[in-house]
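Below is one structure, written out as structure tokens; comments come after it.
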Amino acid sequence: MKAVWCVFLLCTVYLLLWPVSIEPVAWQAPVNKGFEGKFAQNTRLSELTLVDMGTDYGPEDFALNQNGTLATSSHSGAILLKKKGEGTFSPWVNTGGRPLGIEYDNKGNLVVADAHLGLLKINTSGEVSVLVDEVKKTPVVYADDVDIAQNGNIYFTDATTKFPAMDYGGTLSASLLEIFEHKGNGRLIEYNPDTGNSAILMDKLVFANGVAVSHDEQSILVNETGKYRVLRYWLVGPNKGQVDVLIDNLPGFPDNISRAENGSYYIGLASPRSAPVDMLSDKPFIRKIVQRLPSFMRPQGQPYGHLVKISEIGEIEQSWQDPTGTFPFVTGAIKTKEGLYVSSLTAQKVGLLR
């Protein structure tokens, strides 16, 4: 009996006092309306055709160049290409890190947000160089997504300055720490390739994720994953420097955002919202205890496929879902002449809706 009490005491002390990497703060999660209204559950994403990417997996993002070549990033660090007329993706260049968001510039270079290495450029010969790995004397430790304006300025997110993906078990594990802590360590960065200067446009974001230059180039759209919303940062006009909420209280965690046709945007919802995360939003002490539990007992992402299309003013135009999670953890999409290519954190192949 004494031994049992000793074990109980040790477990209690561990759960209350053992050091953890997060310092949670209280917040109030909005009431989750779930899959209703324009988010009503459907199986439209189950109609995907799967496109092979060899031994790689996790096609995080896409970029399409003027020659019709479609690029995607992968877990192995490789950038894979599918040239016009080809049926599969083939390895091109490996960054040696973890490439996430990608975008072609107007010179044909591929700009890469690499979670391990920062903002990179891969020229047409396949040579990799670092554009930005620190801003204002602070390192970029989790470059996540990127977009490029017509004037050449590059906008990218540093998802969290506290939990480097390379040091905390990978991109997904680090994102869970940032979201569960909820202190807001993410930021939006502008890089001018002509001057080599970088500026922090927004900070204190709870996992700063997808980024897109608006169709009129008046603003930048940023997914704040941990708060289930999309923000708009104004670049010009009377609201320059101000931030508006474009859409909030999404039923899942928004990942990438990209321009779609007719002034719209695609957003991947990587996972449905977590009831325990919402329930514990105003209970930082308990969240710290939960963080001490074995990983399988903590809140995790759920394999539910979900892609949405929103208007310029944040209205839901379309919603594609796969409740079975056969194509899980959707990150975003890109429209081509072949159809709508859909990306994922963990899928073994690329999705295509024709």
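The values are calculated or read from the model by the stated rules, or taken from the named source; none is laboratory data. These numbers were taken from a predicted model, which means no experiment stands behind them. Every residue, glycine among them, receives a Cβ derived from its backbone with ideal geometry; neighbour counts consider all protein chains shown.
What strands (runs of 3 or more DSSP E) completely inside the stretch 212-273 contain at least 3 residues that are crowded, with 21+ Cβ neighbours inside 10 Å, out of contact with any Lys or Arg (no Cβ under 8 Å at 6 or more places or on another chain) and in contact (Cβ under 8 Å) with a residue 60 or more places away in the chain?
So the answer is 252-259, 265-272.
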| Would it be correct to say that Tyr168 is surrounded by fewer than 23 Cβ atoms within 10 Å (Cβ to Cβ) and outside any loop (DSSP other than H, G, I, E, B)? | no
| request: May I ask you to verify whether Ile316 is over 30 Å from Glu23 (Cα atoms), of a type in the set (Val, Ile, Thr) and in contact with a helix residue (DSSP H, G or I) (Cβ under 6 Å, 6 or more places away or on another chain)? | output: yes
| field | Test: Leu70 is within 17 Å of Lys337 (Cβ to Cβ), surrounded by 13 or more Cβ atoms within 10 Å (Cβ to Cβ) and either among the polar types (S, T, N, Q) or in contact with a Ser or Thr (Cβ under 6 Å, 6 or more places away or on another chain) (or both) | value | no
| Which one is modelled with the highest pLDDT among residues in the stretch 258-298 that are touching a helix residue (DSSP H, G or I) at 6+ places or on another chain (Cβ under 6 Å) and not charged (D, E, K, R)? | Leu280
| said: Could you list, ordered by first residue, the pairs with Cβ atoms under 9 Å in which the first is in the stretch 333-348 and part of a strand (DSSP E or B) and the second is acidic (Asp, Glu), at least 6 apart or interchain? | reply: Ile334/Asp61; Lys335/Glu261; Ser343/Glu60; Ser343/Asp61; Ser343/Asp255; Ser344/Glu60
| request: Could you list all residues from the stretch 171-208 that are in a strand (DSSP E or B), buried (at least 19 other Cβ atoms within 10 Å of the Cβ) and of a type outside the set (Gly, Ala, Ser)? | output: Arg187, Leu188, Ile189, Glu190, Tyr191, Met202, Leu205
| task | Could you grab me the full set of residues in the stretch 325-354 that are among the hydroxyl-bearing types (Ser, Thr, Tyr) and touching a helix residue (DSSP H, G or I) at 6+ places or on another chain (Cβ under 7 Å)? | result | Thr326
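If you go through the stretch 120-130 one residue at a time, how many are assigned to a strand (DSSP E or B) and either under 17 Å from Thr72 (Cβ atoms) or over 20 Å from the mean Cα position of the chain (by Cα) (or both)?
Selection size over the stretch 120-130: 5.
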| message | Looking at the stretch 79-102, can you tell me whether even one residue there is farther than 26 Å from Glu338 by Cβ, touching a Phe, Trp or Tyr at 6+ places or on another chain (Cβ under 7 Å) and either crowded, with 21+ Cβ neighbours inside 10 Å or small (Gly, Ala, Ser) (or both)? | response | no
| Which of the residues spanning the stretch 89-119 are in contact with a strand residue (DSSP E or B) (Cβ under 8 Å, 6 or more places away or on another chain), closer than 19 Å to Ser76 by Cβ and in a loop (DSSP other than H, G, I, E, B)? | Phe89, Thr95, Gly96, Gly97, Arg98, Ala115, Leu117
